[in-house]
Each structure stands twice: as C-alpha cells, then as structure tokens.
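A.B. asks: Can you keep this structure in mind? I'll have questions shortly.
The values are calculated or read from the model by the stated rules, or taken from the named source; none is laboratory data. From a predicted model like this one, the values you see are computed outputs, not experimental measurements. Glycine also receives a Cβ, built like all others from the backbone with ideal geometry; neighbour counts cover every protein chain displayed. Accessible surface is based on the protein model in full, side chains and every heavy atom, while ligands, DNA and RNA are left aside. Shrake-Rupley method; radii C 1.70, N 1.55, O 1.52, S 1.80 Å.
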Amino acid sequence: MNISSIVVQVRQEHVDEVVETLKNSDFCDYHFHDKSIGKIIVTVEGEGVEEEIAKVKQIQAVPHVIAADMMMAYSEDELDKERSKLEMGGPNVPEMLNDDSIRAEDIVYHGDLKKKDFGF
C-alpha cells in the first residue's frame, strides 16, 4: 500500500468549492486548507504508484485546480524490502552508526552519499 500527500493549488475564491469537491470524492482524503494562499492538503492511497498517479490526475481534473503535486510518499512494500535486506545482513551499516560513543554532531556529512566511501 502506498500513501502520498498532495498539495493542491487553487485561487482563493475557489478554495471552498474545491475543498467540498475533494471532501466528497472517493479518490482522496482531505486534511487541511489555507484559504489565504489557496492551498489544500490531501492524501491518496493506492496499491502501487500507477494507482496513486491516476488519483492525482483526477484531482488535477477538478474544476478550478491550478496544480496538484505529490509532495511526500510512503511505500509499504519498499519499506518491507529494505527491512528484509537489513535482517539478512546486508548492506553493512557503517561502524560509526552503531557506535554510541560518537555524537551525531561529530559525524561529518559531505552532502553526496553516492560519492561518499563508507568502506563497504
């Protein structure tokens, strides 16, 4: 199951109408809006990314919607796969991350994990 948050942008004068449409829809769950800036926050759920994208397209098709963009996503299957990898012993966790004597403030992050050599 995937869950994603969507930020919907509308003109201020259409916020109430679009909020009601989204609240009454079967393709998303309404959570919050700020009429002063024309933003509405909803979530969509789907068995996969394809289903989520189809629901985002439905939101985009609602009258007066200027934009609807996915902001955050959670994929249960991806999380389960990564947990399984860790339980099977790979990839190796850098020693410094398991060392309680090292303070988080002392770990130097170079801003690019792809080019960082962790020794595994």
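A.B. asks: Could you do me a favour and compute the accessible area per residue for the chain, 1.4 Å probe, result in Å²?
C.D. replies: 73 Å²
A.B. asks: To the nearest 20 debye, what charge dipole does the chain have about its Cα centre, counting +1 at the Cβ of each Lys and Arg and -1 at the Cβ of each Asp and Glu?
C.D. replies: Working: 13 positive and 26 negative charges, 91 e Å.
Roughly 440 debye, rounded to the nearest 20.
A.B. asks: Can you tell me the FRET efficiency between ASP100 and SER5 if r is taken as the Cβ-Cβ distance and R0 is 41 Å, rounded to the nearest 0.05? Could the numbers behind the result be given before it?
C.D. replies: Values: r = 34 Å, r/R0 = 0.83.
Here the calculated transfer efficiency is 0.75.
A.B. asks: May I pose another question? Using mean Cβ contacts within 10 Å as the protection proxy, how do 2-13, 28-39 order, highest first?
C.D. replies: Working: 2-13: 17.2, 28-39: 14.3.
So the peptides 2-13, 28-39, ranked by packing, come out 2-13, 28-39.
A.B. asks: A follow-up question, please. Roughly how many percent of the accessible protein surface of the chain is carbon and sulfur, given a 1.4 Å probe and a whole-percent answer?
C.D. replies: Details: 4610 of 8760 Å².
The C+S portion of the solvent-accessible surface of the chain is 53 percent.
A.B. asks: In addition: Sequence gap at least 6, Cα distance under 8 Å: using those rules, report the relative contact order of the chain to the nearest whole percent. Walk me through the numbers on the way to the answer.
C.D. replies: Details: 163 pairs, mean separation 35.7, N = 120.
It comes to 30 percent, rounded to a whole number.
A.B. asks: What FRET efficiency comes out for GLU50 versus ASP80 if R0 is 22 angstrom and r is the Cβ-Cβ distance? Round to the nearest 0.05. Walk me through the intermediate numbers first.
C.D. replies: Values: r = 19 Å, r/R0 = 0.86.
E(calc), rounded to 0.05, equals 0.70.
A.B. asks: Sticking with this one: At R0 = 30 Å, how high is the FRET efficiency between MET71 and GLU13 if r is their beta carbon distance? Nearest 0.05 is fine. Kindly include the intermediate steps, with their values, before the conclusion.
C.D. replies: On the way: r = 24 Å, r/R0 = 0.80.
So, using R0 = 30 Å, E works out to roughly 0.80.
A.B. asks: Can you tell me the convex hull volume per residue for the chain, based on C-alpha atoms, in Å³ to the nearest whole number? Could the numbers behind the result be given before it?
C.D. replies: Numbers: hull volume 20.0 nm³, N = 120.
In the chain, the Cα hull volume divided by residue count equals 167 Å³.
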